[in-house]
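The values are calculated or read from the model by the stated rules, or taken from the named source; none is laboratory data. If you're wondering where the values come from, they're calculated on a predicted model, not measured in any experiment. Note: ideal-geometry Cβ built from the backbone for every residue, glycine included; neighbour counts use all protein chains shown. For the accessible areas, the whole protein counts, side chains as well, though only heavy atoms, and no ligand, DNA or RNA atoms are used. Shrake-Rupley method; radii C 1.70, N 1.55, O 1.52, S 1.80 Å.
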Amino acid sequence: MKKITTDKAPAAIGPYSQGIIANGFLFASGQIPIDPATGEIKGADITQQAELVMKNIGEILKEAGTTYENVVKTTCFLADMADFGAFNAVYEKYFTGKPARSCVAVRELPKNVLCEVEVISLV
């Protein structure tokens, strides 16, 4: 196994890695809309927060030597299912290969953000 770490995505806020490569796959931890430069939550609405989440995912994919096109599975967590349509509008710009996906609403996300996304990708 190989740990993936980049300062271009938010540092882990707990006892976990940004990502792990094992057996030809990247397993990336869930990303929330934290600005990696400041450590602060950014974005006033689901669209802004989802954009930053996708950019953070992109940096982890890049560090692992892969791209959005190689993502095979995503798991998406929303604080409010009413944001599903707006979230999808952002999501589809990045995940053009249409990987397998689960998307659920949860009671609460870390730091009270509106969305979190984790990915599994080929490397």
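Look at Ile20 and say whether it is modelled with pLDDT of 95 or more, of a type in the set (A, V, I, L, M) and in contact with a Phe, Trp or Tyr (Cβ under 9 Å, 6 or more places away or on another chain).
When the stated conditions are applied, Ile20 passes them.
Only one residue in Gly97, Gly65 is over 22 Å from Gly14 (Cβ atoms), in contact with a strand residue (DSSP E or B) (Cβ under 8 Å, 6 or more places away or on another chain) and not in a helix (DSSP H, G or I), so which one is that?
Gly97
Could you look through segment 76-111, keep only residues that are touching a residue at least 40 places away in the same chain (Cβ under 8 Å) and more than 16 Å from Glu51 (Cα to Cα), and pick out the one that is farthest from the chain's Cα centre (by Cα)?
Lys111
Checking the conditions here, which among Glu69, Glu108, Glu59 is within 14 Å of Ser29 (Cα to Cα) and modelled with pLDDT of 95 or more?
Testing whether each residue is within 14 Å of Ser29 (Cα to Cα) and modelled with pLDDT of 95 or more leaves just Glu59.
Keeping to segment 1-11, report how many residues are surrounded by 22 or more Cβ atoms within 10 Å (Cβ to Cβ) and small (Gly, Ala, Ser).
Number of matching residues: 1.
Taking the stated definitions as given, is Asp45 open to solvent by 40 Å² or more (accessible area, probe 1.4 Å), at negative phi and in contact (Cβ under 8 Å) with a residue 60 or more places away in the chain?
Against the criterion (open to solvent by 40 Å² or more (accessible area, probe 1.4 Å), at negative phi and in contact (Cβ under 8 Å) with a residue 60 or more places away in the chain), Asp45 qualifies.
Go through segment 68-89 and give me each residue that's open to solvent by less than 60 Å² (accessible area, probe 1.4 Å), under 17 Å from Asp45 (Cα atoms), touching a strand residue (DSSP E or B) at 6+ places or on another chain (Cβ under 9 Å) and part of a helix (DSSP H, G or I).
The answer is Asp83, Phe87, Asn88.
Restricting attention to segment 12-34, which residues are under 13 Å from the mean Cα position of the chain (by Cα) and either more than 16 Å from Ser121 (Cα to Cα) or open to solvent by 40 Å² or more (accessible area, probe 1.4 Å) (or both)?
Ala12, Phe27, Ile32, Pro33, Ile34
So for segment 49-58 (the condition being in contact with a strand residue (DSSP E or B) (Cβ under 8 Å, 6 or more places away or on another chain), within 18 Å of Pro33 (Cβ to Cβ) and not in a helix (DSSP H, G or I)), does at least one residue qualify?
No - not one qualifying residue is present in segment 49-58.
For segment 100-123, which positions are assigned to a loop (DSSP other than H, G, I, E, B) and farther than 14 Å from Asp45 by Cβ?
Val106, Arg107, Glu108, Leu109, Val123, listed by residue number.
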